[in-house]
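Q: Next up is a structure, given as structure tokens.
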Amino acid sequence: MINIEHLDKTYHLKNADVHAVDDVSLHIESGQIYGVIGYSGAGKSTLVRCLNFLEIPDSGSIEIEGFGKVSANQGSLDISQKKLRELRRSIGMIFQHFNLLDRSTVFDNVAYPLKYTGLSKKEIETRVDELLDLVDLADKKYVYPSQLSGGQKQRVAIARALSNNPKVLLSDEATSALDPDATESILKLLRDLNKRLGITIILITHEMSVIKSIANRVAVMENGKVVEEGDVYDIFANPKEEITKKFINSSSALSNITKLIENKTIIPTDSKLVKLTFTRDSVGSATISKISREYNVDVNIMLANVDVINADALGGIIASIEGAKENVQRAIDFLHESNVKVEVIHHA
Ligand SMILES: Nc1ncnc2c1ncn2[C@@H]1O[C@H](COP(=O)(O)OP(=O)(O)OP(=O)(O)O)[C@@H](O)[C@H]1O
Ligand SMILES: [Mg+2]
């Protein structure tokens, strides 16, 4: 469990102050994959760097299971240096640009954090072999980072981050430099590690597709603040803040409708263009054929999409509903009653 309360961090620059983390409070359960999303400069990296005290917060507190609550006061922490070292060792971290030692082999990169832990040479070798097996890189033990693909480099970085058996893994844009295939394989690895080791993962990204594919909960950050937070499925089904809607749109096939609307001829006269969202409560029923039959309207489905988020289906349809005005309205009312979310996006 990680409990963040009223965390604040301001950078004092020559001509301005930057409030990078502004009164952030979050609760993260053990074993969760917790996503933090936001645009560039939102304060995501600063927030996670505060979690392992690479960055010292100005004020607020962080409680990490097994370490009690650590409070910050004007840039100093109420924790001994010894405890702080232990705490840092229990948190692994991976980055966008891997941060590997280029002149060291894969083996030496992964062995590096084990150097001063009192393990013998033999024990270190056994541990590194285990870690390389875990990330499926046993055959690359003696190669150098320059001989690896981006995805493989990130696997080395993950193995290194796990060397001290951390309880928490922080991932700061770990897939941002990777192509879609490598991204998917790294996300799959993180999912597996979360399941097999029970490790809590806090994952920063600016891509909603990453959140959708891996996270259980998500916090949306803007200007240092958390503006929306919740279960990933609920946030996708019912986003409240404009910025959250924007992020969701960016990862949705349905957003192509804006291009279609520009070409107005595709929207029939006497019709309403609607976006329908089918959640757990409505995704299984034949609502579209029902309204067509019972209210004598024609439904033209223009775009449709089903996402599976945390094993639950979330459906979206963009359709025009055509017919006599009162029939169209009654059809829309019926959709509402059937737990289908209806947003009218265009009147013909
Ligand atoms: N060491 C620093 N000194 C001064 N200002 C900083 C420092 N680190 C970050 N900032 C500022 O704090 C704000 C938040 O930065 P941060 O790196 O946390 O954002 P981010 O959400 O991680 O962005 P990105 O997606 O680009 O990585 C930015 O305005 C940034 O310029
Ligand atoms: Mg960042």
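Q: Measure out, as a whole number of angstrom, how far apart the alpha-carbon centroids of the stretch 59-116 and the stretch 304-329 sit.
A: Spelled out, the Cα-based centre of one part sits 47 Å from the other.
Q: Quick check on packing: order 23-30, 231-238 by the mean number of other C-beta atoms within 10 Å, highest mean leading.
A: Answer by packing, highest mean first, reads 231-238, 23-30.
Q: Using the heavy atoms of the protein chains alone and a 1.4 angstrom probe, what is the accessible area of the stretch 253-347 per residue in square angstrom?
A: Normalised by residue count, the accessible surface of the stretch 253-347 is 55 Å².
Q: Quick check: pseudo-label points 7 Å beyond the Cα along Cα→Cβ at Q81 and A138, how many nm apart are they?
A: 4.2
Q: At q = 0.16 Å⁻¹, what is the base-10 log of I(q)/I(0) for the stretch 2-250 according to the Debye formula with one equal point scatterer per Cα and no solvent? Please give it to two decimals.
A: Scattering profile of the stretch 2-250, log10 relative to I(0): -1.21.
Q: Can I ask one more? Beyond 22 Å, what percent of the Cα pairs of the stretch 197-314 remain?
A: 46
Q: Ok, one more. Taking all protein chains as present, what is the carbon and sulfur share of the accessible area of the chain, in % to the nearest whole number, probe 1.4 Å?
A: Carbon and sulfur: 47 percent of the exposed surface of the chain.
Q: Now, a different point. Beyond 19 Å between alpha-carbons counts as too far, so tell me which of K240/K341; K122/K167; K188/K212; K272/K341 fall in that bin.
A: Beyond 19 Å: K122/K167.
Q: Mean residue ellipticity at 222 nm from the helices of the chain, using -39,500 (n - 2.57) per DSSP H segment of n ≥ 4 over the full residue count, to the nearest 500 deg cm²/dmol?
A: Mean residue ellipticity at 222 nm (helix-derived): -9500 deg cm²/dmol.
Q: Two decimals, Cα atoms only, Kirkwood Rh: what is Rg/Rh over the stretch 253-347?
A: 0.96
Q: Under 10 Å, Cα contacts only: if you run a Gaussian network model on the chain, which one of K153, K259, K225 comes out with the highest mean-square fluctuation?
A: K259
Q: At 0.36 nm per residue, minus the direct Cα-Cα distance, what do S255 and R293 gain on full extension? Give it in nm, one decimal, please.
A: Extra length from S255 to R293 when fully extended: 10.8 nm.
The values are calculated or read from the model by the stated rules, or taken from the named source; none is laboratory data. This one's a predicted model, so the numbers in the text were calculated from it and none came from an experiment. Positions of Cβ are generated from backbone atoms using ideal geometry, with glycine treated the same way; all protein chains shown enter the neighbour counts. What goes into the accessible areas is simple: the full protein's heavy atoms, side chains included, and nothing from ligands, DNA or RNA. Shrake-Rupley method; radii C 1.70, N 1.55, O 1.52, S 1.80 Å.
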